[in-house]
1. Considering each residue of segment 30-71, count those that are touching a Lys or Arg at 6+ places or on another chain (Cβ under 9 Å) and under 30 Å from THR123 (Cβ atoms), and give that number.
2. So, of the residues in segment 38-61 that are part of a loop (DSSP other than H, G, I, E, B) and basic (Lys, Arg), which turns out to be surrounded by the fewest Cβ atoms within 10 Å (Cβ to Cβ)?
3. Residue check, VAL73 against (1) over 12 Å from SER111 (Cβ atoms); (2) modelled with pLDDT under 85, all met but one. Which one?
4. Give segment 82-113 a look and list any residue that's of a type in the set (Gly, Ala, Ser) and either at pLDDT below 85 or in a loop (DSSP other than H, G, I, E, B) (or both), or say none.
5. Quick one: in segment 74-99, which of the residues that are among the hydroxyl-bearing types (Ser, Thr, Tyr) and under 41 Å from the mean Cα position of the chain (by Cα) is surrounded by the fewest Cβ atoms within 10 Å (Cβ to Cβ)?
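The values are calculated or read from the model by the stated rules, or taken from the named source; none is laboratory data. Since we're looking at a predicted model, the values are computed, not measured. Here Cβ is always computed from backbone atoms with ideal geometry, including for glycine, and neighbour counts include all displayed protein chains.
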Amino acid sequence: PYGAKILREQYSPENILSEAEYTGTQLLALLQTLPIDLRQIMRKISKGDLRVKVELSGYTSLLRKADQLVGRVILALLTLGTLLFAGLSLLGHYSAAMPYYRGLPVITWYSLGGTAFLTLLLTLPRRARRE
């Protein structure tokens, strides 16, 4: 009963007439100002004074994500390079004076330690930004 009453009021001839009257007056106002507005726009175009302002929205999250991905790629490449150096240092023929620790050349341990330290340094600022 209540929904039917609302529908009757919404589609009553008086309501439809008032909506049509409001829409008509808005359309007439637009038609009255349209030639003046078009003349002003054409004048600005002919003088070369027409300025268009384009504002992009939502690109900040895209830039933040791109920055994050670039940072991850750089970190991955640096880590890969130092790990490859550590692996290749195992293949070297070192002199007898080369110190070894737990069966691996010390230069390999330095490389692995440098990789861990570099990874820690590059990931700490990212953790601080999240908090």
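1. Going through segment 30-71, the residues touching a Lys or Arg at 6+ places or on another chain (Cβ under 9 Å) turn out to be 44, 49-51, 68, 71.
Checking the rest, the ones that are also under 30 Å from THR123 (Cβ atoms) come to 68, 71.
Within segment 30-71, residues that are touching a Lys or Arg at 6+ places or on another chain (Cβ under 9 Å) and under 30 Å from THR123 (Cβ atoms) number 2.
2. Initial filter on segment 38-61 (part of a loop (DSSP other than H, G, I, E, B)): 48-58.
Add one more test, that the residue is basic (Lys, Arg), and what stays is 51, 53.
Working: ARG51: 6, LYS53: 4.
For segment 38-61, the residue satisfying everything is LYS53.
3. (2)
4. Of all residues in segment 82-113, those of a type in the set (Gly, Ala, Ser) come to 86-87, 89, 92, 95-97, 103, 111, 113.
Hits for segment 82-113 are ALA86, GLY87, SER89, GLY92, SER95, ALA96, ALA97, GLY103, SER111.
5. If we filter segment 74-99 for residues that are among the hydroxyl-bearing types (Ser, Thr, Tyr), which is where we start, we get 79, 82, 89, 94-95.
Remaining after also requiring under 41 Å from the mean Cα position of the chain (by Cα): 79, 82, 89.
Values: THR79: 15, THR82: 19, SER89: 18.
Result: THR79.
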